[in-house]
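Reviewing the structure listed below.
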Amino acid sequence: MADIELPDLLARCRAGDELAWEAFVRRFQGRVYSIAFAYAGQADDARELAQDIFVRLFETRRKWADAPIFLPWLIRTARNLSVDYLRRRGARTKATESEIDDAAELAGAGLDPESQAIAGSRRSLVWRALRRLTTINREVLVLREIQGLSLEDVAGMLRIPIGTVKSRSNRARLELAQHVLSLEQAAGPEPPR
Amino acid sequence: MDPRTYRERRRQAQLSPSESRDLTHAVLARTTGGTCARSHNVLASFVDGDLDAGTTALLQEHLDGCIGCQALVATLRQIRIVLPAMAEMALGNAFTARVIAATSALATERARQAAASVTWWTRLVARPSFSLEVAYVCTLLFILVIGGNPAMFAETLKGKAQALTASAATAVGQRVDRARGDPRVVHGRQTLSAWLDMAVSDVMASPVVVRTWLGWLADQSMAAWKHARSWLAGVFRDISS
């Protein structure tokens, strides 16, 4: 069955349709949780933060952005609320690598179990490597490379020039690759399948 | 020379791949130093295909002889695929249920608060002393709006009212003059003329009425102001004692 179109979904949510709100949560919970996880760093904190973000979205549903710019707006809102949350908590990142491993939700949907396990383990490794980056480099990667925001959107959100976003993204990806390699080397060769 | 001997000597003169790499590293070590740091600056752009042809060719030659940079490029290519796939993380129905429960509770609480405020307002309005309290608050607000000088406020109001009535009188006078010149107004001309004269004089006299009324208003507001001031002074005296 085809999903409801975004403009219609947003209009119904604004009007207070409870079924539309549930569909909205289902549609965007993966993305909001991913942003919350990138900032909170712990699965439990990320769940709590994602829930707070949805409650805030519910409270302000009459002021949501229109459909064409809704996704960048949602990402910006989730990012700002995550930063506020961390400021309240008093630290930007406190995740440990074992907690990231424990995040069973890292596995993606739509793959067979074996591919899902491989992809999940790969993503888990990249999440751990991400935690080793500086906050600003991690933010650039999360917003630009993971969430796919435009250079202009990221520059506006982080208040840095567009050129800096591009160069920082390249540098951050290189750092990330180096951390992934060192984590792989630390883990040793993969057992034969 | 025997051709076979020549080929054998030539083969021995060529460097093996590992010897070639070692030689390159030895030369670089004595000239520019290692080039990995320089290549790292452009590896991400290389993976994105953003480099010009010349730099791409040079980097490709470096990669052919550098295992470390080859591994980085391979990882960068993997990351390029993995990162966008991390935009969403599966959470399941339990999370959805929790969010729905939290927002439903919020909506219920909002509705309860709205109902409670309506009840509170209804009870407030239904009290017998409500109209008296409203009148008192309105009087107090009126005094506060006028400020410390009700006479000045009344004077300003009076000036505006006089200007208004004067312009109204002029307009009525012009209409009367036009009516008098109208040939259709013939029958009963004397009666009509007298009535119009009386209307004009009434309008012209209206500034006097306004002045009287405004004077009364100024007196009343001044008296209310003095009363409120003495009442407030009493309240402050009570508090300070």
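Given a Förster distance of 51 angstrom, what is the FRET efficiency for B:Thr96 paired with B:Asp197, based on the Cβ-Cβ distance and rounded to 0.05? Let's see the in-between values first.
Values: r = 85 Å, r/R0 = 1.67.
It comes to 0.05.
Work out the mean other chain Cβ neighbour count within 10 Å for the residues of A:174-181 and drop it here as an integer. All intermediate terms of the calculation are to be shown ahead of the outcome.
Numbers: counts 10, 1, 6, 14, 6, 1, 7, 5.
Whole-number average of other-chain Cβ neighbours for A:174-181 is 6.
Efficiency by 1/(1 + (r/R0)^6): what FRET value for B:Glu19 and B:Gln60, r their Cβ-Cβ distance, R0 = 22 Å, to the nearest 0.05? Kindly include the intermediate steps, with their values, before the conclusion.
Details: r = 21 Å, r/R0 = 0.96.
In this case the efficiency is close to 0.55.
How shielded is A:26-39 by partner chains, expressed as the average number of their Cβ atoms within 10 Å of its Cβ atoms?
On the way: counts 6, 1, 1, 9, 7, 3, 5, 5, 6, 3, 1, 2, 2, 0.
Counting Cβ atoms of other protein chains within 10 Å of each residue's Cβ and averaging gives 4.
First measure r as the distance between the Cβ atoms of B:Trp121 and A:Glu48, then evaluate 1/(1 + (r/R0)^6) with R0 = 30 Å and state the FRET efficiency to the nearest 0.05. Could the numbers behind the result be given before it?
Values: r = 37 Å, r/R0 = 1.23.
Efficiency, from the Cβ-Cβ distance: 0.25.
Rank by packing, highest mean first: peptides B:127-137, B:99-109, B:83-93, with packing defined as the count of other Cβ atoms within 10 Å averaged across residues.
Values: B:127-137: 9.9, B:99-109: 14.9, B:83-93: 17.5.
Per-residue Cβ counts within 10 Å, averaged per peptide and sorted highest first, yield B:83-93, B:99-109, B:127-137.
Ignoring ligands and nucleic acids, what accessible area does B:Phe46 show with a 1.4 Å probe (Å², nearest 10)?
Rounded to the nearest 10, the figure is 20 Å².
With a 10 Å radius around each residue's Cβ, average the other Cβ atoms per peptide and rank A:149-162, A:123-136, highest first. Write down the numbers at each step before the final one.
Numbers: A:149-162: 15.9, A:123-136: 18.9.
For the peptides A:149-162, A:123-136, the packing ranking is A:123-136, A:149-162.
Can you pull the mean other chain C-beta count within 10 Å for peptide B:90-97? Don't skip to the answer; put the middle values down first.
Values: counts 13, 11, 4, 2, 1, 11, 6, 2.
Rounded to a whole number, the mean comes out at 6.
The values are calculated or read from the model by the stated rules, or taken from the named source; none is laboratory data. Just so you know, these numbers come straight off a predicted model, no measurement behind them. Methodologically, a virtual Cβ is constructed for each residue, glycine included, from the backbone with ideal geometry; neighbour enumeration extends over all protein chains shown. The protein model used for the area step is the full one, side chains on, heavy atoms only, and it has no ligands, DNA or RNA in it. Shrake-Rupley method; radii C 1.70, N 1.55, O 1.52, S 1.80 Å.
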